[in-house]
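Structure first, commentary second.
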Amino acid sequence: MDNRGATSSSLSRAAKGSDPEHLAPGRQLEEQGRLEEALAAYRALLEDHPGDHRIHYRAGCAALKKGDPDIARGFFETAVELDRGNARYLTNLGVALDRLGRREDAIRCYRRSAMLDGGTVVAHHNLGAIYAEQGRFDEAVRAFEAAIALEPDAEGYHNLGLVHYRADDFAAALDCFRRAVGCDERFAVGHYYAGLCLMKTGNYETAIAEFRRARELDAGLARVNFHVGCCLHKLQRFEQARAHLEQALDAFPEDGRLHYQLALTCDALGLHPEARIHYGMASGRRQTSG
């Protein structure tokens, strides 16, 4: 795949307007990326306000952004103890535990968060990502659908589409990727995966249009030429297919699947000696996914 797909461990953010005035200096330092200073400012505040869960939470956020999930975990645990009904605190405790490799503990926090007033978008997304990684597709679908119910956006529909795609439900996946593009027409990876679904179901002309739109929006989607070449081959437009496959080969010279597809196309063109070269190069080469 050309993208990373759904990933867990996003950071749940609080609305600035909910912060008390004494947190303002620390928040300003956080926003400026001066995380060590922000953490010091929050620790200084805690000397006078040790029972203020909001300070513990913000200190945890600064530590997490700074790359110290264990320190963050301590602050978030205290914040949760002081305000047990706060879904955002539970979510970020889950993120810290997730980054520490404590996956099952993280899942418990995300689930607890999800039970509080619908939870947070991040908790649902992170649960969905974990379930998808574990092959628990039904649970992943429910988690991403819950995230979309709270915040319907391109990323949410895309993540839900990836779960359906991995389960080989290309019709449901295509619907999700089209909804993602509906939320943001410039969402390149949505067009790309819509193209993959269309290709899987034999809609080659429409797939080519989606792949080309994806490449217009993001030149980094380097596999597009390979997929367009495959579609053109299926449409028996072999000269065009060969041109796209050769362009793809410039980016992935060791891809065995690409060499094999190019060999088939050369055979179709009557270029049998060249086809034999690519069949030979396909043998033993690695297969690049996507």
message = Pull out all pairs, ordered by first then second residue, where Cβ-Cβ is under 9 Å, the residues are six or more apart or on different chains, the first lies in the stretch 110-133 and is outside any helix (DSSP H, G or I), and the second is of a type in the set (Val, Ile, Thr) and crowded, with 24+ Cβ neighbours inside 10 Å.
response = GLY119/THR91; THR120/THR91
Residue identified as over 23 Å from GLU37 (Cα atoms), surrounded by 24 or more Cβ atoms within 10 Å (Cβ to Cβ), of a type in the set (Val, Ile, Thr) and at pLDDT 95 or above among VAL80, VAL163, VAL141, VAL95 = VAL163
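Residue-by-condition table, conditions (1) assigned to a helix (DSSP H, G or I); (2) touching a residue at least 12 places away in the same chain (Cβ under 8 Å); (3) under 16 Å from VAL122 (Cα atoms); (4) over 26 Å from the mean Cα position of the chain (by Cα):
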residue	(1), (2), (3), (4)
ALA62	yes, yes, no, no
ALA79	yes, yes, no, yes
ARG88	yes, yes, yes, no
LEU93	yes, yes, yes, no
key: For GLY202: the one exception among (1) out of contact with any Ser or Thr (no Cβ under 9 Å at 6 or more places or on another chain); (2) farther than 23 Å from ASP168 by Cα; (3) exposed (fewer than 15 other Cβ atoms within 10 Å of the Cβ)   = (2)
request  = Give the residues of the stretch 98-126 that are small (Gly, Ala, Ser) and surrounded by 19 or more Cβ atoms within 10 Å (Cβ to Cβ), sorted by residue number.
outcome  = ALA106, SER113, ALA114, GLY119, ALA123
message = Looking at GLU36, GLU30 in this structure, which one is part of a helix (DSSP H, G or I), out of contact with any strand residue (DSSP E or B) (no Cβ under 9 Å at 6 or more places or on another chain) and either modelled with pLDDT under 95 or surrounded by 16 or more Cβ atoms within 10 Å (Cβ to Cβ) (or both)?
response = GLU30
request  = Could you tell me whether ASP184 is touching a residue at least 24 places away in the same chain (Cβ under 8 Å), surrounded by fewer than 19 Cβ atoms within 10 Å (Cβ to Cβ) and among the acidic types (Asp, Glu)?
outcome  = yes
query = Here is a list of conditions, (1) farther than 23 Å from ALA167 by Cα; (2) in contact with a Leu (Cβ under 6 Å, 6 or more places away or on another chain), and ALA207 meets all of them except one; can you say which number that is?
reply = (1)
note = So the helices (runs of 4 or more DSSP H) completely within the stretch 171-290 holding 1 or more residues that are of a type in the set (Ser, Thr, Tyr) and closer than 30 Å to ALA154 by Cβ are 188-200, 204-217
inquiry  = With the structure loaded, tell me whether GLU254 is modelled with pLDDT of 95 or more and among the acidic types (Asp, Glu) or whether it fails that test.
reply    = no
query = So which of LEU245, LEU217, LEU235, LEU264 ends up being touching a Leu at 6+ places or on another chain (Cβ under 8 Å) and either without any contact (Cβ under 8 Å) to a residue 24 or more places away in the chain or outside the structural domain of ARG186 (by TED's automatic domain parsing) (or both)?
reply = LEU245
query = Across the stretch 154-170, what is the number of residues that are among the charged types (D, E, K, R) and in a helix (DSSP H, G or I)?
reply = 2
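The values are calculated or read from the model by the stated rules, or taken from the named source; none is laboratory data. Quantities reported herein were computed from a predicted structural model and do not represent experimental measurements. A quick note on method: Cβ atoms are made from the backbone with ideal geometry, for glycine too, and the neighbour counts reach across all protein chains shown.
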